[in-house]
Structures are given as structure tokens and as C-alpha cells.
Amino acid sequence: MYSRRIHHLMLLVLSCTWAWAAVSYAQTPNAERELRFGTDPTGGAPYIFKVDPNGPYIGFEVELAAYLAQKLGRLPVAVEGEWSTLPELLDKPRGGEKGIDIVLNGYELREDLQQQYAATVPYYVYRLALVVHAQDDSIQQWSDLRAGKRIGVLEGSVAFDYCQQRYPGQVLPNKDVAVMFEEVKRRGRVDATVQDNPAAIWFVHFDPTYRGQFKMIEPARQPSYYVIYLRKEDRQLKERLD
């Protein structure tokens, strides 16, 4: 069963239309006044998404960015990029159009990234969730995946590495989480998807487009952490974020 804390979080995300007017998408950086965070809105709910296509981005990481910026006395500014390469934005000049201070977008604590960048203390503990079509009775437990089931995972994620090691030849990576759930719904290219449980819970229980279309196979596995990445030389910023 998913935790009561996550359940309450999802209800809040679904029921509120936060007006994050404070989150700017300015093109001209101002390092003294802004907290520029790298994010990929195509990753979707519940991290960063839109209820109204013409409205502001919302989500629990948008809220977190606004909170951190307020504590730092800065304005949160979202800088969009492709999820799998967001850390590379830290290698760009901070004053450039794609310059950022932090990566904040459901990024896992990973040894390879820690070799290049500093990581804050974790802000969220997640687990990997297995999601299948609601009417698919051929997958009752994780071990059923070994029967040649095709597994959709987010490219470059911990879920990708986890499934590659355990189910070689069965993993179909994709850059868009929503596309993988759509494939499971249509019973198309993939039979199941393995996702971080915040995304899994959203699509299974809260997304009105997919409600009733999926089920999660318990238990969730491989607990790990979401962290914020930043430049190693930004020691003072890291201390304040921690």
C-alpha cells in the first residue's frame, strides 16, 4: 500500500490550482536575485505539470523550488531541458540563457552524478513501482516479468538500470513517462512499466485520463532518494539548501 503521506500529497496536487506567479520563466539571468532550477515539464505530474494548458506550472517540486527560493531571498526561475541531460546544464555558464543553479526534477542519488556534482541531503524517499493494465492477470508479482514481458522505463533513470540488470533484453526505454503509461493502457509495445512511486501513484489513482486503467503490483522495491544537484564549488548554496 502506498503511504498516507503520498496519498495526501496527491490529493493536494489534484484539488489545488496553485497560482505560482512567483515562478518565473525569464530569459535574462540575474544570479543575485534568482534561483534557477533545471526541470523537464514533459516528465509531468506530480512533479511539474499544468492543469490548464494556458496556466502556470504546478506540482510538488514547483512548490519546493518556490519555498527554497523564498528562504534564500530569491525568485525561482524554471529553466527547461531534457530530463536525462539536466545535470549538463550545470556545466554551462550560470549567466547564459540555459544557465542554472540547481537541478530539481525527481533526480535520484547516483554515484556517477556525485562524481561530477554536489548533492544536497535527500528531500524525498521513493521506491520503484510496477504498474500493469488493470485487466492483465498475467502479471501478479515481479517475478512474472521474467516470462518475456516487455517493460517500459524512463531512459537514464534508476528504474532503467534496475530493470536492465534483472530483465535483460526486455527493457524499452522512453523519454516520456506519459507515453509509457499510454502504451500499457493500449496494451501496445509494453506489458508493464516500472516507475518511481510518485509518478505511478499519480497515474494509477489520480490522473482523470487514466483512472481505473492500471493497477500496481505490490510491493514497491528498491528504496532510494531524490536529491538536488549543484556545482561542487557552490558550497555556501549547498549549506543553505541542506
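The values are calculated or read from the model by the stated rules, or taken from the named source; none is laboratory data. Computed from a prediction, not measured in an experiment: that's the story for all the values here. Please note: Cβ atoms are built from the backbone with ideal geometry, for glycine as well, and neighbour counts cover all protein chains shown.
For the range 73-96, the set of residues classified as surrounded by 17 or more Cβ atoms within 10 Å (Cβ to Cβ) and in contact with a Gly (Cβ under 7 Å, 6 or more places away or on another chain) consists of 79, 81, 83, 86, 89, listed by residue number. Taking the range 220-241 as the range and being within 20 Å of the chain's Cα centre (by Cα) and surrounded by 11 or more Cβ atoms within 10 Å (Cβ to Cβ) as the test, the residues that pass are 220, 221, 222, 224, 225, 226, 227, 228, 229, 230, 241.
Scanning the range 145-178 for residues that are touching a residue at least 40 places away in the same chain (Cβ under 8 Å) and either basic (Lys, Arg) or surrounded by fewer than 21 Cβ atoms within 10 Å (Cβ to Cβ) (or both) gives 149, 150, 155, 156, 158, 162, 175, 176, 178. Checked against (1) more than 23 Å from residue 41 (Cβ to Cβ); (2) without any contact (Cβ under 8 Å) to a residue 60 or more places away in the chain; (3) assigned to a loop (DSSP other than H, G, I, E, B), residue 212 passes all but condition (2).
Could you tell me which of the residues 132, 125 is in contact with a Pro (Cβ under 9 Å, 6 or more places away or on another chain), in a strand (DSSP E or B) and aliphatic (A, V, I, L, M)?
Working: 132 fails: in contact with a Pro (Cβ under 9 Å, 6 or more places away or on another chain).
Just one listed residue meets the conditions, 125.
If I go through the range 135-168 residue by residue, how many of them are among the aliphatic types (A, V, I, L, M) and over 19 Å from residue 200 (Cα atoms)? Outline the logic, then answer.
Of the residues in the range 135-168, the ones among the aliphatic types (A, V, I, L, M) are 139, 145, 147, 151, 153-154, 158-159.
Subset that is over 19 Å from residue 200 (Cα atoms): 147.
Final tally of qualifying residues: 1.
So, residue 183, is that one surrounded by fewer than 18 Cβ atoms within 10 Å (Cβ to Cβ), out of contact with any Leu (no Cβ under 7 Å at 6 or more places or on another chain) and not polar (S, T, N, Q) or not? The answer is no for residue 183.
Residues of the range 154-180 that are under 14 Å from residue 83 (Cα atoms) and in a loop (DSSP other than H, G, I, E, B): 155, 156, 157, 175, 176.
Conditions (1) part of a loop (DSSP other than H, G, I, E, B); (2) in contact (Cβ under 8 Å) with a residue 24 or more places away in the chain; (3) more than 21 Å from residue 139 (Cα to Cα), marked per residue:
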{"residue": "182", "(1), (2), (3)": "no, no, no"}
{"residue": "185", "(1), (2), (3)": "no, yes, no"}
{"residue": "199", "(1), (2), (3)": "no, yes, no"}
{"residue": "205", "(1), (2), (3)": "no, yes, no"}
{"residue": "218", "(1), (2), (3)": "no, yes, no"}
{"residue": "223", "(1), (2), (3)": "no, yes, yes"}
{"residue": "236", "(1), (2), (3)": "no, no, yes"}
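Here is a check on your reading of the model: is residue 140 in contact (Cβ under 8 Å) with a residue 40 or more places away in the chain, part of a loop (DSSP other than H, G, I, E, B) and either more than 24 Å from residue 63 (Cβ to Cβ) or assigned by TED's automatic domain parsing to the domain that holds residue 63 (or both)? Criteria met by residue 140. May I ask you to list the residues in the range 187-197 that are more than 12 Å from the chain's Cα centre (by Cα) and either within 20 Å of residue 109 (Cβ to Cβ) or free of Cβ contacts under 8 Å to residues at least 12 places away in the same chain (or both)? The answer is 188, 194.
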